[in-house]
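Chemist: Below is one structure. I have some questions about it.
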Amino acid sequence: MAKREPVQPSPKLQSLLREFQQIATMAGFLNHGFDPPQLRMQFTLYGRVRGATELETAAMSPKLQAWSEQLGEKMREESSAAILPPQILLSPPQVFPAGGFVMTSTLTFTTKVTDQGYYKVKTALLAAYQEAVRLRDEGFRP
């Protein structure tokens with residue numbers, strides 16, 4: 001019996017992986033695996049807020065939790081449920097080297113894409129990572 005070589009990912013999937021890795025570097029990172037004809041990905045996204053004191057930063061916890069849950073729902077809706085609901089973990093306030101305190105929400109979620117079905121996932125992820133950068137730079141919207 002002849003030994004079969006594993007199916008290689010298409011050049012399109014390899015190209016898509018590079019695009020998704022670029023998006024993830026905005027505010028997180030990406031683990032992946034090829035399962036031709038799919039690309040399986042596990043993303044980590046960081047939402048971060050800063051406060052002047054530990055107490056002030058801790059008081060932002062409910063808002064950060066709500067922000068994280070809304071972002072997860074929006075990603076799922078915009079990707080037509082291709083992105084699974086995230087696991088959300090909030091850190092306690094920690095001293096920030098530049099002064100003040102910081103609290104981070106870590107969203108971990110998975111998705112898979114094919115050569116044809118990637119656009120909605122890419123659009124949803126790009127919007128989510130841009131929102132995480134906006135939160136880090138500007139804080140919560142009023």
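Coordinate-derived values only; no laboratory data. Model, not experiment: these values are computed from the prediction. Reconstructed Cβ throughout: ideal geometry from the backbone, glycine too, with neighbour counts over all protein chains shown.
Chemist: Once the principal axes of the Cα atoms of segment 18-67 are found, what is the range along each, listed largest first in whole angstroms?
Modeler: 49, 18, 13
Chemist: Please list, in chain and number order, the residues 5+ apart from Phe96 or on another chain whose amide H is under 5 Å from its amide H, with Hs placed from the backbone.
Modeler: Phe101, Val102
Chemist: Could you work out how much longer the chain between Arg40 and Thr110 gets when fully extended? Use 0.36 nm per residue separation minus the Cα distance between them, nm to one decimal.
Modeler: Going from the current span to full extension adds 24.5 nm.
Chemist: Could you give me the ³J(HN,Hα) list for segment 76-88, computed from phi with Karplus coefficients 6.51, -1.76, 1.60 and θ = phi - 60°, whole Hz, x at Gly and Pro?
Modeler: Per-residue couplings from phi come out as 5, 5, 5, 9, 6, 6, 6, 8, 6, x, x, 8, 10 Hz.
Chemist: Right, something else. May I ask you to sort Asp115, Asp35, Asp137 by Cβ crowding, counting other Cβ atoms within 10 Å and putting the fewest first?
Modeler: The order, fewest Cβ neighbours first, is Asp137, Asp35, Asp115.
Chemist: I've got another one for you. Using Cα atoms only, what is the angle between the long axis of helix 11-24 and the major principal axis of the chain, expressed in degrees (0 to 90) to the nearest 10?
Modeler: So the inclination is approximately 0 degrees.
Chemist: Considering the zone a paramagnetic label at Gln70 would reach in this model (a point 7 Å from Cα along the Cα-to-Cβ line), which residues of segment 100-128 have amide N under 19 Å from it?
Modeler: Taking a point 7 Å out along Cα→Cβ of Gln70, the residues of segment 100-128 whose backbone N falls under 19 Å are 103-108, 124-128.
Chemist: Whole-Hz ³J(HN,Hα) for each residue in segment 45-55, computed from phi via Karplus 6.51 cos²θ - 1.76 cosθ + 1.60 with θ = phi - 60°, x for glycine and proline: what do you get?
Modeler: Working through the residues one at a time gives 10, 10, x, 10, 10, 10, x, 6, 10, 5, 5 Hz.
Chemist: Next question, about the same structure. For segment 46-134, take the convex hull of the Cα atoms, compute a quarter of its surface area, and give me that in nm², please.
Modeler: So the Cα hull casts an average projection of 5.8 nm².
Chemist: Here's a follow-up. Subtract the Cα-Cα distance of Arg141 and Leu89 from 0.36 nm times their separation in residues, and report this length gain in nm to one decimal.
Modeler: Extra length available between Arg141 and Leu89 comes to 16.6 nm.
Chemist: Label point 7 Å out from Ser80 along Cα-to-Cβ: which residues of segment 28-65 have amide N under 12 Å?
Modeler: No residue qualifies, since no backbone N sits under 12 Å from the label point.
Chemist: In whole Hz, with x marking every Gly and Pro, tabulate ³J(HN,Hα) for segment 93-103 from phi via Karplus 6.51 cos²θ - 1.76 cosθ + 1.60, θ = phi - 60°.
Modeler: x, 10, 4, 9, x, 7, x, x, 10, 10, 10
Chemist: What does the helix-only formula give at 222 nm for the chain: each DSSP H stretch with n ≥ 4 adding -39500 (n - 2.57), the total divided by the residues, and the result rounded to the nearest 500 deg cm²/dmol?
Modeler: My calculation for the chain gives -13000 deg cm²/dmol from helical runs alone.
Chemist: Something else now. Quick one: helix 119-138 against the long Cα principal axis of the chain, what's the angle to the nearest 10°, folded into 0 to 90?
Modeler: Value to nearest ten degrees: 20.
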